[in-house]
Each structure stands twice: as C-alpha cells, then as structure tokens.
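Below is one structure; the comments refer to it alone.
The values are calculated or read from the model by the stated rules, or taken from the named source; none is laboratory data. Just so it is clear, the structure is predicted and the values come from calculations on it, not from any experiment. Cβ sites come from the backbone with ideal geometry, for glycine too, and all protein chains shown count toward neighbours. Side chains are part of the model used for accessible areas, which takes the heavy atoms of the whole protein and leaves out ligands, DNA and RNA. Shrake-Rupley method; radii C 1.70, N 1.55, O 1.52, S 1.80 Å.
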Amino acid sequence: EDDVDAAVQSAKKAFPKWSALDPRERAKYMFRIARRIQERARELAVLESMDGGKPIAESRDVDIPLAAAHFFYHAGWCDKLKYVFPGADPKPIGVCGHIIPWNFPLLMAAWKLAPALACGNTCVLKPAETTSLTTLRLAAILEEIELPPGVVNIITGAGATGQLLVNHPHVRKIAFTGSTEVGKHIAKACASTDKKLTLELGGKSPNIIFEDASIDQAIEGIIQGIYFNQGHVCCAGSRLFVAESSLDEVIAKLTHRMKSLRVGDPLDKNTDIGAINSKAQLATIHKYLDAGRGEGATFHEVNRQPLASKGYWCRPCFFTDVQPSHTIARDEIFGPVLAVMSFRTPEEALTRANNTPYGLAAGVWTDKGSKIFEIARKLKAGVIWCNTYNRFDPASPFGGFKESGFGREGGMHGLRAYVDL
Ligand code: TAP
C-alpha cells in the first residue's frame with residue numbers, strides 16, 4: 001500500500017512541470033523512448049519470449065516494433081492536440097493508472113503510456129505479476145533517456161496492487177486491459193468517483209469465410225488469427241464460420257496447414273507456437289477441451305509432433321460439429337483452440353457471429369467488396385478485418401463493444417481518454 005501511494009504521489013508531484021512543458025519538448029522525450037526501444041529491440045524480444053513464452057519471431061516482429069511505433073506515432077501528436085479536438089482546449093487530466101495483462105506486456109505498456117504522455121499526463125503502470133520483466137526494462141530505458149523523475153512509475157505486484165491503484169484518490173484516470181471479470185470490478189470501483197475509465201476486455205471473435213473467398217489466403221488468416229501467440233490474444237478469431245459449400249475444402253486445407261506448424265522452444269526462430277503462459281492457463285485450456293468433447297463436438301488434433309517434457313504446451317487444435325450453445329463456442333478459451341461452424345446465408349452468418357456477449361473483433365473473407373461493406377456494417381465488433389486478420393497499427397483505434405469493454409486505444413480516438421476538454 002505504501003509503495004502504491006509513493007508511486008502515485010511521485011506522479012502527482014511530477015505532473016505540474018511535465019504538463020506545462022513545451023509539447024515539442026515532450027515529443028522529443030517520446031521520440032527518444034521509441035528510438036531506444038528500437039536500439040534494444042533484440043534484448044527486449046528475448047526477454048519477452050523468456051518471460052511469457054511467446055515465439056521469438058512474434059516478439060521480434062510484432063510486439064517490440066509495434067511498441068516503438070506507438071511511441072513514434074504519439075510523439076507526433078504532442079504539439080498537434082488542438083487539431084484533434086477542433087474548437088476545444090485539450091488539457092491533461094493528471095495521474096493516470098494503467099493495469100495490463102500478461103499476453104502483450106511491453107506492447108500493452110506502450111498502448112497506455114504513449115497517449116497518456118503525449119497529452120501531458122503522468123503515469124503509474126502495473127504489469128501482470130507473471131510478466132513484468134520488459135516493463136521493468138522499460139523503466140531502465142526511461143532513466144537512460146532522462147525522462148524527468150516521477151513522470152512514469154512502474155509498480156509490480158498482483159491483483160491487490162492493481163486494486164490499490166484503482167482505489168487511490170489521486171488517480172484521475174484508469175486504463176485497464178484484462179479479463180471481463182476484473183474489468184467489471186474496476187468499473188464498480190470507479191462508478192462512485194469522478195475517475196475516467198477505459199476498459200479493454202475479453203473477446204470471442206468470429207471469422208467468416210464466404211464461398212467466394214480465396215480459401216488459401218483465408219487459411220493463413222485463420223492460422224494467424226487463432227494460433228498466433230498460442231491463442232493468448234484478446235481478439236483471437238476463435239469462432240470460425242464457413243459457408244456450407246466451402247466447409248470440406250476449408251477443413252482439408254486447415255488440416256494440411258496445421259500439420260506443418262511447429263510447437264516448441266519460444267527462443268527458436270522457427271517456432272510457430274510457443275509455450276502456454278502458465279500452468280494455470282494450460283489447465284484452463286484443458287478444461288475447455290474436455291467440455292468440448294463432453295458436450296458432443298468433434299475434436300481434431302491433427303498436429304501430432306512430440307512435445308517437450310518440461311514446460312506447458314498445447315498443440316493447435318480445432319472442433320467441428322459445434323453448436324452455438326456449446327461452452328467452447330461461448331467462452332473465451334485464451335488458447336490455440338478453434339470452434340468451426342457452418343452457415344447457409346449471409347444473414348445466418350451475421351446472426352450467429354453477433355450472438356455473443358463480446359464484441360471486440362471480427363474477420364470477413366470474401367472476394368466481393370460490396371459484401372465486405374454490407375457485413376462489416378452489421379457486425380457488432382470494435383475492429384473488423386477484411387481479407388486479413390490481427391493487423392495492428394498505432395494510427396488505428398482498437399477497442400470493443402458490449403462486454404469487450406469501452407473506449408478506444410490508438411489513433412486520434414485513443415487520445416480522447418487522456419484529455420479534459
Ligand atoms: P486479469 O486477471 O484480468 O488481469 C489483468 C491485470 O489486472 C493484471 O495486471 C492483474 O494482476 C490485474 N488485476 C487482477 N485483479 C485485479 C483487481 N481486482 N483490481 C485491479 N487489477 C487487478 O486478466 P489476465 O488473465 O491477466 O489476462 C487475460 C485477459 O485479458 C483475457 O480475458 C483477454 O481477453 C484480456 N485481454 C484483453 C485485451 C484487449 S485489448 N481487449 C488485450 C489483452 C488481454 P496480476 O496478473 O498480477 O494478478
């Protein structure tokens with residue numbers, strides 16, 4: 001409790017000077033952070049893979065470059081905020097509390113810190129207890145680039161530490177990424193205060209393949225969407241809807257492609273699927289695999305390569321004969337497990353895709369531009385990818401509908417949460 005208080009007090013003390021700094025000077029600090037992340041990219045990528053188990057190819061090519069890109073992008077906004085909010089006078093809000101999960105540690109830290117700093121706020125950030133190494137290394141980077149003391153404070157600890165941060169009276173805004181369950185607790189805690197809140201929560205995102213889609217291209221997107229990062233992705237395309245006439249072809253090609261995926265050492269650059277993040281997460285995934293089999297879906301584990309005896313591993317797999325009422329079609333599994341279903345008409349695809357309490361992301365695969373616009377307009381999801389999946393850019397806002405949360409991160413939309421107008 002004393003440490004959380006000390007961190008918040010330090011952010012509060014740093015706020016007047018940081019918020020009054022010439023925005024172009026603020027931008028210089030942020031450009032320096034971005035460049036330093038790039039210079040230390042190899043070290044950060046190795047650290048991220050050692051800590052969380054994700055394949056080095058992903059930490060190297062996705063997490064770390066995107067983290068740097070977020071600082072570069074937001075550095076550019078520092079002295080242009082009045083153009084984002086025409087006619088208004090955007091003011092920083094004060095101390096921002098950030099709580100992030102274990103699946104994209106450095107990237108989530110960048111998603112939170114970069115817009116907050118660009119708008120002139122100071123920050124206290126709590127990484128997940130099991131994956132705090134890259135955020136601690138980021139703290140060292142902030143010292144190296146001589147960011148003024150107190151502007152960013154990083155506190156480690158478990159959920160109770162996060163709770164103390166949420167409840168601290170001097171925190172003016174909370175940005176949380178994590179499970180819907182914890183998000184609801186945080187929403188309740190903030191409800192009786194004047195704290196601003198944004199929540200990025202779970203998902204059960206649909207991928208829809210129409211009969212006119214390029215199936216080979218779609219298969220790569222499906223693989224990217226659900227097996228990428230062991231399925232430890234909030235926007236994972238975990239429900240696949242295939243036009244009935246294309247179902248056999250999709251299953252055959254998916255099976256063929258899955259056989260070639262390599263599960264294993266996260267530090268081997270040829271690995272496609274790394275380690276499951278923790279013993280508890282592996283147990284959760286197995287609980288869902290049992291539920292899928294028990295409720296009558298057909299289990300396909302086509303990739304039979306041997307797994308290392310030490311560590312937590314899960315081969316990529318999928319279920320067919322899935323009913324919308326099955327647990328594996330409703331709950332977020334957060335593992336490399338895909339539920340495959342079919343549909344006859346676009347209306348049926350839409351109804352079934354939207355039949356979920358979540359609304360984070362969706363994918364549409366078709367050759368017809370008109371169908372893309374028609375379907376995308378009616379899908380209830382914050383992010384919709386068309387003929388691609390899991391593509392991120394700092395200029396593009398990300399966030400959910402319904403139980404996937406509210407508020408946006410990234411792009412001009414993401415700045416709104418960090419200013420008083
Ligand atoms: P959570 O258990 O919700 O943990 C997220 C963070 O909140 C961690 O830092 C955690 O600390 C902390 N925390 C736990 N209880 C808290 C409380 N009562 N008050 C304040 N903070 C608390 O989620 P997870 O298991 O780490 O992450 C998986 C979930 O995150 C999935 O549901 C996934 O969909 C979601 N996720 C969403 C997104 C977006 S952008 N929507 C991105 C990534 C992940 P400790 O871990 O140290 O206990």
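Enumerate the calculated ³J(HN,Hα) couplings along segment 170-181 in order (Karplus 6.51 cos²θ - 1.76 cosθ + 1.60, θ = phi - 60°), each rounded to whole Hz, writing x wherever the residue is Gly or Pro.
8, 8, 9, 8, 10, 10, 10, 10, x, 6, 4, 4
Looking at segment 184-323, send over the antiparallel percent of its DSSP beta bridges, to the nearest 5.
Working: 3 of 8 bridges.
Percentage antiparallel, nearest 5: 40.
How big is the gap, in Å, between the Cα center of segment 31-59 and the Cα center of segment 60-88?
Cα centroid to Cα centroid, the span is 19 Å.
Collect residues whose amide H, placed 1.01 Å from N in the peptide plane, falls under 5 Å from the amide H of Cys386; neighbours closer than 5 in sequence don't count.
The list, which skips near neighbours in sequence, is Val364.
Give me the accessible area of Glu129, 1.4 Å probe, in Å² rounded to the nearest 10.
120
Expressed as a fraction of 2.2 N^0.38 Å, the rule-of-thumb size for a compact globular protein of N residues, what is the C-alpha radius of gyration of segment 298-421? Mind showing how you got there, number by number?
On the way: Rg = 17.6 Å, N = 124, 2.2 N^0.38 = 13.7 Å.
Taking N as the residue count of segment 298-421, the ratio is 1.28.
Could you report the accessible area of Leu47 in Å², rounded to 10, computed with a 1.4 Å probe on the protein chains as they sit in the structure?
Accessible surface of Leu47 is approximately 40 Å².
Can you say what percent of the DSSP beta bridges in the chain, counting only those with both residues inside, are antiparallel? Round to 5. Show your work: numbers first, answer last.
Working: 8 of 46 bridges.
Given both bridge residues lie in the chain, the antiparallel proportion sits at roughly 15 percent.
Go through Lys279/Lys402; Lys82/Lys112; Lys82/Lys368 and tell me which ones have a Cα-Cα distance over 28 Å in this structure.
Over 28 Å apart, Cα to Cα: Lys279/Lys402; Lys82/Lys368.
Helix 247-259 sits at what angle to the longest principal axis of the chain, using alpha carbons and giving 0 to 90 degrees rounded to 10?
The answer is roughly 60 degrees.
Would you pull out the residues with amide H under 5 Å of Lys196's amide H, same chain only if 5 or more places away, H placed 1.01 Å from N?
Residues meeting the criterion, in which the H sits 1.01 Å from N, are Lys173, Ile174.
Round to the nearest 10 and report in Å² the accessible area of Lys91, as given by a 1.4 Å probe over the protein chains' heavy atoms.
Rounded to the nearest 10, the figure is 100 Å².
Among the GluC sites (Glu not before Pro) in segment 1-57, which ones are in a DSSP loop with at most 14 other Cβ atoms within 10 Å of the Cβ? Mind listing them? All intermediate terms of the calculation are to be shown ahead of the outcome.
Working: sites: Glu1, Glu25, Glu39, Glu43, Glu48; in loops: Glu1.
Filter output for segment 1-57: Glu1.
Residues of the chain: accessible area per residue at 1.4 Å, in Å²? Please list the in-between numbers first.
Details: 17470 Å² over 421 residues.
Solvent-accessible surface per residue comes out at 42 Å².
Run down the aspartates and glutamates and flag those whose C-alpha is under 20 Å from the C-alpha of Lys28, throwing out any fewer than 8 positions away in its chain.
The qualifying aspartates and glutamates are Glu39, Asp79, Glu143, Glu144, Glu146.
Quick one: pull the percent of accessible area on segment 1-84 belonging to carbon and sulfur, 1.4 Å probe, ligands and nucleic acids left out. Working shown, then result.
Numbers: 2240 of 4200 Å².
Ligands and nucleic acids excluded, carbon and sulfur give 53 percent.
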